[in-house]
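Heads up, the thing below is written out as structure tokens.
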Amino acid sequence: MNYNWNWGVFFQETPEGGTLYWEMLVSGLGWTLAVSVVAWLIAMIVGAVIGTLRTLDSKAPALFGHAWVELFRNIPLLVQMFLWYFVIPEFVPPLKRWMVNTDPVYAQFLAAVLCLGLFTSARIAEQVRAGIQSLPRGQRLAGSALGLTTWQTYRYVLLPMAFRIIIPPLTSETMNLIKNSSIALTIGLAELTFRARELGEYTFSFFEAFTAATMVYVIISMSANRVMAWVERRVAVPGLIAAGGGGH
Amino acid sequence: MPMIEFKSVNKWYGGFQVLRDCTTKVEKGEVVVVCGPSGSGKSTLIKCVNALEPFQQGEIIVNGQSVGDKTTNLPRLRSQIGMVFQHFELFPHMTVLENLNLAQVKVLGRGADEAAEKSQMLLKRVGMLDHAPKFPGQLSGGQQQRVAIARGLAMDPIAMLFDEPTSALDPEMINEVLDVMVELAHEGMTMMCVTHEMGFARKVAHRVIFMDRGEIVEDATKDEFFGTPRSERAQLFLSKILQH
């Protein structure tokens, strides 16, 4: 293949003037990170709540949790992104008014974090549920027998162990979330993939642009992996070979 | 007034009846051993005392409170009854000391220092004080079970329930746990123990209940039970487990 790589392209000025192309990519990276972090927080909190609901004895909360999971994991992520940005505001007039009157980037950011956060929450809920259900039934009984309420039993006994057990799958979900944030380009959010494509279109240096974007994604994704591995070591329970201690 | 009273308790799992018209009582300071073949409903019976298992008919009165009554504050009632499980069920992510402190602080509202002091006193009593900073996974089964007993005692219970406390232990660890239980019995603790340790029953039990197929077949004083059990089924059971 004959291709003249032109890495100098990153140091050329953009048509907007005043900024260089590498700075444009960095601003895209900033949005990618912002969307990922906020969506991750939403996903973890909502996922923990929904996953917990699914393991309760009472029917109604369990059913609600089940419906939540089925709703968010049976619709393609891209379709969900369009629904949040183009469809839902039509049914919420105040939201629609706000979207029309403010900088579109805020609406794009809001739609992106809700979409990615809730989509991922359904997946995390399933991990949390599996983690809780993998604990011996006696753990719940022991909590109750001591007089802990259901909430306290979850807070102090079940969830701390369940989360330790599911750190490896949570790592995968975290990495997926970061990579899925590139879908936000479809609603116009100027994140990393959006900026890489923009750079390619302005300069015809698509190879350089996407090589750079690819490398940045790999670096963030691997960093997330390393951070989670560190967390896993930090919270490892002495005396348990694999966290969990399920089987006897 | 008995400490624990069962009045015609019936329980079903779907169409299968696991408890049939169980009526008995445990007086204050009494040690009652519950035995019987596996699947006879003995674990289920004691789990009904602190409502870990619901029952459909009859009544259980613990210290004047009706367990099945919807208005009974179950967490409060449970906090007054210590329970020891077959598989210990210590909380693996907490140290031994934290295992004992947790419910004292969160349920009884004791201060951290007061709880820790109480925990250390009880750990000393079961010979586990040196292990206070360790995690359950670093202890042997016998040690874990002694910690579990201390955890129950830390709540200052009015009665203790034991659900096959030595069945999951290696033989050489059974005695260290039984010793703690014997000591507890001698101190006058009200105890209901599901166990096959007939030596323990002979030593400290006041009464022995024999169950079969969800029914209380024999409810006798220790001497009557080990002398001449009235029912054939109890005789057969005893002959099988006392053979060796």
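Readers should treat all values here as calculations from the given coordinates under stated rules, not as data from a laboratory. Here the structure is a predicted model, which is why all the values come from computation and not from measurement. Neighbour counts are summed over all protein chains in view; Cβ atoms, including those assigned to glycine, are modelled from backbone coordinates with ideal geometry.
Determine the relative contact order of the range A:20-235: mean sequence separation of Cα pairs under 8 Å and six or more apart, normalised by residue count, in whole percent. Relative contact order comes out at 29 percent. The angle between the Cα long axis of helix A:21-53 and the main principal axis of chain A comes to about 20°, on a 0 to 90 degree scale.
Looking only at B:Gln17, B:Gln144, B:Gln86, which one moves most when chain B is put into a Gaussian network model with springs between Cα atoms under 10 Å? It is B:Gln17. When peptides B:115-121, B:44-50 are sorted by average Cβ neighbour count within 10 Å, with the highest value leading, the order is B:44-50, B:115-121.
For the range A:195-245, chymotrypsin sites (Phe, Trp or Tyr not before Pro) meeting the loop criterion (DSSP other than H, G, I, E, B) and having at most 15 other Cβ atoms within 10 Å: A:Phe204.
Quick one: grab the alpha carbon gyration tensor of chain B, order the square roots of its eigenvalues as a ≥ b ≥ c, and give me rounded if a/c is under 1.5, else prolate or oblate depending on whether a/b is larger than b/c. Please report the intermediate quantities before stating the final value.
Details: a/c = 1.92, a/b = 1.34, b/c = 1.43.
Oblate shape, in that a/c is at least 1.5 and b/c is the bigger or equal ratio.
Restricting the GluC sites (Glu not before Pro) of the range B:176-244 to loop positions (DSSP other than H, G, I, E, B) with no more than 15 neighbouring Cβ atoms within 10 Å leaves B:Glu187.
The label point for B:Lys25 and the one for A:Glu232, both projected 7 Å from the Cα toward the Cβ, are 5.8 nm apart.
From least to most packed, judged by other beta carbons within 10 angstrom and beginning with the fewest, A:Trp22, A:Trp5 follow the order A:Trp5, A:Trp22. The range A:1-65 and the range A:217-241 have Cα centres spaced 20 Å apart. Summing charges over neighbours of B:Val18, with a neighbour being any other residue whose Cβ is under 13 Å away from its Cβ, gives +1 when K and R count +1 and D and E count -1. Cross-linked pairs B:Lys28/B:Lys70; A:Lys59/B:Lys70; B:Lys11/B:Lys70; A:Lys59/B:Lys7; B:Lys70/B:Lys106: Cα-Cα separations exceed 20 Å for B:Lys28/B:Lys70; A:Lys59/B:Lys7; B:Lys70/B:Lys106.
Just rank B:Arg78, B:Arg230, B:Arg20, A:Arg129, fewest to most, by other beta-carbon atoms within 10 angstrom.
B:Arg230, B:Arg20, A:Arg129, B:Arg78
Only helices enter this figure: runs of n ≥ 4 DSSP H residues, each worth -39500 (n - 2.57), summed and divided by the residues of chain A, yield -22500 deg cm²/dmol at 222 nm to the nearest 500.
A Förster radius of 25 Å, combined with the Cβ-Cβ distance separating A:Leu77 from A:Gln133, puts the computed FRET efficiency at roughly 0.40.
Work out, step by step, the length gained on full extension between A:Ala60 and A:Ala34: first 0.36 nm times the residue separation, then minus their alpha carbon distance; give nm to one decimal.
Numbers: separation 26, 0.36 × 26 = 9.36 nm, distance 3.51 nm.
Extending this stretch completely gives an extra 5.8 nm.
Residues B:Met128, B:Met3, arranged from fewest to most other Cβ atoms within 10 angstrom of their Cβ, appear as B:Met3, B:Met128.
Any chance you could check the Cα centroid distance between the range B:91-136 and the range A:149-195 for me, in angstrom? Between the Cα centres of the range B:91-136 and the range A:149-195 lies a distance of 34 Å.
Counting Cβ atoms of other protein chains within 10 Å of each Cβ in B:89-97 and taking the mean gives 6.
Note on the range B:115-244: lysine pairs with Cα distance below 21 Å, sequence gap of 8 or more or different chains, count 5. Using just its DSSP H runs of length 4 or more, each adding -39500 (n - 2.57), chain B gives a mean residue ellipticity at 222 nm of -11000 deg cm²/dmol after division by all residues.
From the square roots a ≥ b ≥ c of the eigenvalues of the alpha-carbon gyration tensor of the range B:110-244, which class results: rounded (a/c under 1.5), prolate (a/b over b/c), or oblate? Prolate, since a/c reaches 1.5 and a/b exceeds b/c. The distance from the alpha carbon centre of the range A:95-140 to that of the range B:1-51 is 46 Å, rounded to a whole number.
Please label the shape of chain A as rounded, prolate or oblate, based on the square roots a ≥ b ≥ c of the eigenvalues of the alpha-carbon gyration tensor (a/c under 1.5 means rounded; beyond that, a/b larger than b/c means prolate, else oblate).
On the way: a/c = 3.19, a/b = 1.73, b/c = 1.84.
Oblate shape, in that a/c is at least 1.5 and b/c is the bigger or equal ratio.
Springs between Cα atoms under 10 Å define the GNM used for chain A, and in it the highest mean-square fluctuation of A:Asn101, A:Asn180, A:Asn225 occurs at A:Asn101.
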